[in-house]
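Readers should treat all values here as calculations from the given coordinates under stated rules, not as data from a laboratory. Everything numeric here is computed off the predicted structure, so don't read it as measured data. Please note: Cβ atoms are built from the backbone with ideal geometry, for glycine as well, and neighbour counts cover all protein chains shown.
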Amino acid sequence: QVQLAESGGGLVQAGGSLRLSCAASGIIFSMHAMAWYRQAPGKQRELVAVVTSGGSRNYADSVKGRFSISRDNAKNTVLLQMNSLKPEDTAVYYCNAHCSSIAAGKISDLEVWGQGTLVTVSS
């Protein structure tokens, strides 16, 4: 089993910064894309940022220039640096990873989700 553990959420004033981290554990043969999603109350979950195993990054238009995603391939971790936070960034943030692991006795590609961490930005 592969698990993702997130940390770093909390309450911050508008204009402030937070850094989210996510660490993968378990039997991982290779880690592919890692990403952060978020879900605000009453809204659908949306992609915030993604980084491939090769280091290519993409961001939602709403966070470009304010958020930065990075990863440490040796540690199977992904970070999300969030600057200039706005009240509309308030949401539960989820870590997501695609990896190769063992499932039912064979090597398989898996998609794994973290449990989520709450980010609240006050105005």
Cα centroid separation - the stretch 25-41 against the stretch 46-68, whole Å: 13
Summed side-chain charge close to Lys43 - residues other than Lys43 whose Cβ falls under 14 Å, Lys, Arg +1, Asp, Glu -1: -1
No Cys partner within the rule (Cβ under 4.7 Å), the chain: Cys99
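Compute the normalised compactness of the chain: alpha-carbon radius of gyration over 2.2 N^0.38 Å, N being the residue count.
Working it through for the chain, the quotient is 1.06.
Using DSSP loop states and a limit of at most 16 other Cβ atoms within 10 Å to flag trypsin sites (Lys or Arg not before Pro), what is the longest stretch of the chain containing no flagged site?
Details: sites that count: Lys43, Arg45, Lys64, Arg66, Lys75.
It works out to 76-123.
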Rg to Rh quotient for the stretch 67-123, alpha carbon positions, Kirkwood Rh: 1.11
Tail fraction, Cα-Cα pairs, the stretch 47-87, threshold 17 Å, whole percent: 29
Low-density loop cleavage sites - chymotrypsin sites (Phe, Trp or Tyr not before Pro) in the stretch 1-74, where at most 14 other Cβ are within 10 Å (DSSP): Phe29
Measure of compaction for the stretch 1-71 (Cα Rg per 2.2 N^0.38 Å): 1.22
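Counting DSSP beta bridges with both partners in the chain, what percentage is antiparallel, nearest 5? Write down the numbers at each step before the final one.
On the way: 45 of 49 bridges.
Expressed as a percentage, antiparallel bridges in the chain total about 90.
Magnitude of the Cβ-charge dipole of the chain, K/R +1 and D/E -1, about the Cα centre, nearest 20 debye?
About 140 debye.
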Lysine pairs meeting the criterion (Cα under 26 Å, 8 or more apart or interchain), as found in the stretch 1-118: 5
